[in-house]
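Worksheet for the structure shown next.
The values are calculated or read from the model by the stated rules, or taken from the named source; none is laboratory data. Note that the structure is predicted; figures quoted are calculated from it, not measured. Note that each Cβ is placed from the backbone with ideal geometry, even for glycine, and that neighbours are counted across all protein chains shown.
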Amino acid sequence: MALMYSISAVLGSLASIVAIDAVGSRALVVGSMSGAAISAYALGAATSDGGSQAMTIAALCGFSASSTASWNALNALSTTCVNPHMRATVFSLAASSGRIGSICAQLVNGALINEPEALLRITSTLMVLGCVSAIVVPPHPPTMPATSYQRRLERNVVRAPGS
């Protein structure tokens, strides 16, 4: 089963590579996070109702592929929503808050170890929250004032590298 989960992650990465140019990073984040939320909910339903092993594996693989595609699209989306001069700071904040979130997730996992359906409902809810946040993020960062180098470049005072 671990092999199928890993293969699904690879397929999610490949699908995100193809889809990101076709539908855009924002639509891919929303679509893939929605798919992950649905898969987590289906996984909870399959495990609570004594569902078939095939349904459990399908939901698990769907979650793996969708969540991998979500991370890939989120990385692409975040480059277009942040000014270049702030990008490293924003990525650092995102990475560190992700680490804190993963620590909190392990605490929740431990607390709900005997209630997998509740854990998967929480996962689905957080994935839906991620979809909403991807929708409300501004599409482009506000433009920054031109630097002195850019102004001189526009007045042809300096030559652009490679020209």
>> Within region 38-51, does at least one residue satisfy the condition of being of a type in the set (G, A, S) and within 18 Å of the chain's Cα centre (by Cα)?
In response: yes
>> Quick test for you: out of S16, S32, pick the one residue that is crowded, with 17+ Cβ neighbours inside 10 Å, at pLDDT 90 or above, within 17 Å of V132 (Cα to Cα) and among the polar types (S, T, N, Q).
In response: S32
> Considering only region 1-13, how many residues are at pLDDT below 90 and closer than 24 Å to G130 by Cα?
Replying inline: 1
> Residues of region 9-37 being closer than 22 Å to T125 by Cβ and more than 15 Å from the chain's Cα centre (by Cα), which ones?
Replying inline: none
>> As an exercise: evaluate G98 against (1) modelled with pLDDT under 90; (2) more than 13 Å from the chain's Cα centre (by Cα) and give the number of the one condition it does not meet.
In response: (2)
>> So, in region 56-90, exactly how many residues are more than 13 Å from the chain's Cα centre (by Cα), in a helix (DSSP H, G or I) and surrounded by 15 or more Cβ atoms within 10 Å (Cβ to Cβ)?
In response: 8
